[in-house]
Amino acid sequence: MKIKGIVFFFLITLSISHAQSVSISNIYNREYTSLNGQWNYIVDPYENGFYNYRYEPFENQEIPERSAFFTNSKPTSKSDLIEYDFDKMDSITVPSDWNTQKEKLYYYEGSVWYKKSFDYTKKEHSNRVFIYFEASNYKTDVYLNGKKIGQHLGGFTPFNFEVTHLLKEKENFLITKVDNKREKDAVPTLNTDWWNYGGITRDVKIIETSETFISDYFIHLDKENSKKITGYLSLNGTHIIDQEVTVEIPALKIKKRFKTDANGKINIDISASKIKLWSTKNPQVYKVIFTTATDTTTDEIGFRTIATKGADILLNGKKIFLKGISIHEESPITGGRGNSLADSKQLLEWAQELGCNYVRLAHYPHNEHMLRLADKMGILVWEENPVYWTISWDNESTYDNAKNQLSEVIQRDKNRASVIIWSMANETPTTDARNTFLTRLAKYTKEQDPTRLISAALEQSNYEGNPLVRTIHDPFAEVVDILSFNQYIGWYDGTIEKCQTISWNIQYNKPVLISEFGAGAKFGLHGPKEERWNEEYQEYLYEETLKMIDKIDQLSGFSPWILVDFRSPRRLLPEIQDEYNRKGLISEKGEKKKAFYTLQKYYNNKN
Ligand code: GCU
């Protein structure tokens, strides 16, 4: 009995861990059936629907008890005992966080079960079907028709599970347990300066593909030769070898055929002499059509190169100064976790109005609309993995989790011209375990994507003990392509006048990006510029900081903290913060503070 139980448990875990491995390219432009809308939900702080009273997971049982919420069981008679019923429960909107939807869930951290019932008829009998989540925070267990199909860790990247073998024509029930409890060994860990929005926060889709489909591609300009398009494409399915793949770029009159190799892969190699390069001034994207015998997918690709030379950042070989702003993924419309095209449009339009050609998306991957729009609007992007402050550096499963989240964002966004920097982390301590952890992540990132730059938001320190001379003293500075650091001189570090006393001694011939600086200000509060929380204080800090950092020889740009005031459980000063970090240049109601215009003027005068 015992052996049989263990073997059964092993088979379950095996199928679950493998369920997620299929990558499906370009979901943004693929046909799909949306599962967005109203889902029934059960709030389950004791995880009563997941564990029996011995705290053993129901899903490990050979035949899970009907108390398991994922069985969606109904009483078979009036004397039958079932102590839950999704269909009699309140509903909640997907995609969205639960905190800003349900007052009772505003502070809630724990498990919530979601149920969606649907019918589904496949277009072709031989087709495959996947359930795709664009994101769900944080630990998500997914069940279809009572069977576990997979688990995902991480609140900001997409994942999918193949359900071809489980799907029915009628009355499918998809049940998802979302747990946003913070944990020490998680990524991020226990402590963050942003609201821990829980729930299925982005779109849920049913994706149907042919049996063999285009699973992955990466197409870009050759780093050394900007008249050559290179990359790869791979198929997934049973007919992947020796398949013809056509790569077509109609606007460039390019149509080239390739044959897949033994791994179902082609290496793309196309000369393109007439190509117009994507840039912030001219965000040219080309329609690229990939076609095989059984699948076709069309994407919009901008072709550009990004590199560094000494202390310069070169876009298409030309030096560029990154006029940036940091952004959290909070909706200026709903006030909760952002996820829509409208949210992204508002945030990027404010950034452009500020005079930005660059944004730092903090501290985790934002939704895909943001990157697709940045491609179209010609805004360069820093994307970041949520390795934030002090995570469990010497825990191998924490490392695997961080690496997995990184692989998922690279997989999703590697074809976006706007994305130029992968950031490994934010404000992390310079311990050996951390240095190893980040260096491994950086190496992995370069293997996945050798075309982009690597960075991380480091911390500055005193040069040889002199507090008036600042430097970067961090072994990870050796590894990054771009040297970035956060600095809060005039806010956490002294008063604004201190800015006038500071000089820099940064001993790296690399571009320097200041990834954060700023000050809190309550919109509408006015007074002497020396008094904190006034708009005048924030304005004065920007004026003095811009002068202070202009003294850095290698300065190639910055992204002040932050575009919009955002919710944080660490910001509790009454009548000023009220659970908002007030370092925004715009209030959460869209009101622009004085410093917005200070930075706008600086950027409009900066080439
Ligand atoms: C930090 C951190 C941010 C935080 C900011 C602040 O540097 O990176 O996440 O919100 O400072 O204190 O306002």
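Every read-out reported here was derived from the displayed coordinates using simple, explicitly stated rules and does not represent laboratory data. Values in this document were obtained by computation on a predicted structure and should not be read as measured data. Ideal geometry is used to build each Cβ from the backbone, glycine not excepted, and the neighbour counts take in all protein chains shown.
Between LEU166 and THR246, 0.36 nm times their residue separation minus their Cα-Cα distance comes to what? Walk me through the numbers before you get to the answer.
Details: separation 80, 0.36 × 80 = 28.80 nm, distance 3.30 nm.
Extra length from LEU166 to THR246 when fully extended: 25.5 nm.
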Check your understanding: In nm, what is the difference between 0.36 nm times the number of residues separating LYS256 and LYS446 and their Cα-Cα distance?
Key -> 65.6 nm
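For the stretch 379-468, state which GluC sites (Glu not before Pro) are in a DSSP loop and have at most 11 other beta carbons lying within 10 Å of their beta carbon.
Details: sites: GLU383, GLU384, GLU396, GLU408, GLU427, GLU447, GLU459, GLU464; in loops: GLU427, GLU464.
Counting only loop positions with at most 11 other Cβ atoms within 10 Å, the GluC sites (Glu not before Pro) in the stretch 379-468 are GLU464.
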Check your understanding: Which percent of Cα-Cα pairs in the chain sits in each 10 Å bin, short to long?
Key -> 3, 16, 25, 26, 18, 9, 3, 0
Point to revise | Virtual paramagnetic centre 7 Å along Cα→Cβ of VAL43, amide N under 19 Å, in the stretch 193-219 | key: 195-201
Check your understanding: Helix 368-377 sits at what angle to the longest principal axis of the chain, using alpha carbons and giving 0 to 90 degrees rounded to 10?
Key -> 40
**Study point:** Pairwise centroid distance, computed over Cα atoms, of the stretch 523-565 with the stretch 125-200, Å
**Key:** 40
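Treating only the Cβ atoms of Lys and Arg (+1) and Asp and Glu (-1) as charged, compute the dipole magnitude of the stretch 342-448 about its Cα centre; round to the nearest 20 debye. Show your work: numbers first, answer last.
Numbers: 12 positive and 15 negative charges, 63 e Å.
In debye, rounded to 20, the stretch 342-448 gives about 300.
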Review point. How many angstrom separate the Cα center of the stretch 212-230 from the Cα center of the stretch 283-301?
Key: 12
Point to revise | Dipole magnitude (debye, nearest 20) for the stretch 463-575, charges at Cβ of Lys, Arg, Asp, Glu | key: 220
Revision key, fill the gap. Inter-part gap, Cα centre of the stretch 427-504 to Cα centre of the stretch 320-351, in whole angstrom, is 25
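DSSP beta bridges in the stretch 453-589, what fraction antiparallel, as a percent rounded to 5?
Bridges in the stretch 453-589 are about 25 percent antiparallel.
Once you order the gyration tensor axes a ≥ b ≥ c over the Cα atoms, which shape class does the stretch 412-499 get: rounded for a/c under 1.5, otherwise prolate or oblate by comparing a/b with b/c? Please report the intermediate quantities before stating the final value.
Values: a/c = 2.95, a/b = 1.79, b/c = 1.64.
Prolate is the answer for the stretch 412-499, as a/c is 1.5 or above and a/b outweighs b/c.
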Check your understanding: Expressed as an acute angle from 0 to 90° and rounded to the nearest 10, what is the orientation of the C-alpha long axis of helix 535-549 relative to the principal long axis of the chain?
Key -> 70
Revision key, fill the gap. Under the 7 Å Cα-to-Cβ spin-label approximation, SER503 and LYS228 lie apart by a distance in nanometres of 4.7
Study note, to complete from the structure: Relative contact order as a percentage, the stretch 458-607, C-alpha pairs under 8 Å and 6+ apart, gives 19
Review point. Out of the stretch 208-284, which GluC sites (Glu not before Pro) are coil in DSSP terms and have no more than 12 other C-beta atoms within 10 Å?
Key: GLU224
Point to revise | Structure-based [θ]222 nm, the chain - -39500 (n - 2.57) summed over DSSP H runs of at least 4, per residue, nearest 500 | key: -5500 deg cm²/dmol
